[in-house]
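Just so it is clear, none of the values below were taken in a lab; they were calculated from the coordinates. Remember, it's a predicted structure, so these values are computed and weren't measured experimentally. Cβ placement follows ideal geometry from the backbone for every residue including glycine, while neighbour counts extend to all protein chains displayed.
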Amino acid sequence: MRLLLVEDDPMIGESVRRGLKCEGFTVDWVEQAESAESALRSVNYDLLLLDLGLPRKSGLSLLRELRCGGSGIPVLVLTARDSVADRVLGLDTGADDYLVKPFDLDELGARVRALLRRQTGRVLPEISHGDLRLIPATHEAVFQDRELTLSAREFTLLAALLEKPGAVLSRSRLEERLYGWGEEVESNAVEVHVHNLRKKLGTAFIRTVRGVGYMVPRKP
Ligand code: CA
């Protein structure tokens, strides 16, 4: 899952970026609303983490414009403004959730997972498909009743394909999910992860759709 963080405080920005990266998310971090706008135009993010007090243009204006422009991206507002009126205004402007600073990184991770779960229409905190169970909160994977060791990127790739079994995801869409700015992407990175996953799950688990991308069949 790839997230965009908009936060002008360097200490908070760095700790949120690092904390969410440890939880397996790909995080791009910008410090201004204007940079967020251009990032949102070039990458399909799964979620936006938005500070409200930003230099020049506020987070609230950015949020308002996004919603007026029809964007449905899940937005989690991070702010020091803790008055009830501010919280109400943030939510009514189109935020999906709200966290008041200082916040706990574990709680942030849990809220992010909850929003992403809702976005994909899942109710259960686990993703299961046939004999496979993925638990995003702990990054555990169980296959045929045995614990399965997956790298962070293998886990993310598999979770992305399992969001909508039967749907094909292109290599570039998967790369976008797995790698943030400044992270070197080897030209065959996705193929290598798929190859490793097939070794662990059997060759038929992930199908290659020639010239299009990869998918997990609807019926396991
Ligand atoms: Ca700020």
Cα-based Debye curve of segment 92-155 sampled at q = 0.14, 0.16, 0.27 Å⁻¹ gives log₁₀ I(q)/I(0) of -0.53, -0.65, -1.21
Please work out the Cα convex hull volume for segment 127-215 and give it in Å³ per residue. 98 Å³
Provide the packing ranking of 58-67, 100-109, i.e. peptides ordered by the mean count of other C-beta atoms within 10 Å per residue, highest first. 58-67, 100-109
With r defined as the distance between the Cβ atoms of ASP145 and ARG173 and R0 fixed at 35 Å, what FRET efficiency is calculated, to the nearest 0.05? 0.65
Take the Cα coordinates of segment 54-145, assign each an equal point scatterer, and use the Debye formula without solvent to give log10 I(q)/I(0) at q = 0.11 Å⁻¹. -0.43
Three principal axis lengths of segment 2-120 [C-alpha, angstrom, descending]: 33, 32, 29
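Calculate, in nm to one decimal, what ASN196 and LEU105 gain on full extension: separation in residues at 0.36 nm each, minus their alpha carbon distance.
Length gained, ASN196 through LEU105: 29.7 nm.
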Roughly how tilted is helix 33-42, in degrees to the nearest 10 and between 0 and 90, from the longest Cα axis of the chain? 30 degrees
Give me the compactness ratio for the chain, meaning the Cα radius of gyration over 2.2 N^0.38 Å. 1.06
Restricting to DSSP H runs of at least four residues, report the calculated mean residue ellipticity at 222 nm for the chain, -39500 (n - 2.57) per run over all residues, nearest 500 deg cm²/dmol. -12500 deg cm²/dmol
Note down the net charge around ARG173, summing +1 for each Lys or Arg and -1 for each Asp or Glu among other residues with Cβ under 13 Å from its Cβ. 0
How large are Rg and Dmax for segment 57-101 when calculated on the C-alpha trace, in angstrom? 9.9, 28
If you take every residue apart from LEU116 with its C-beta less than 14 Å away from the C-beta of LEU116, what net charge results, scoring Lys and Arg +1 and Asp and Glu -1? +2
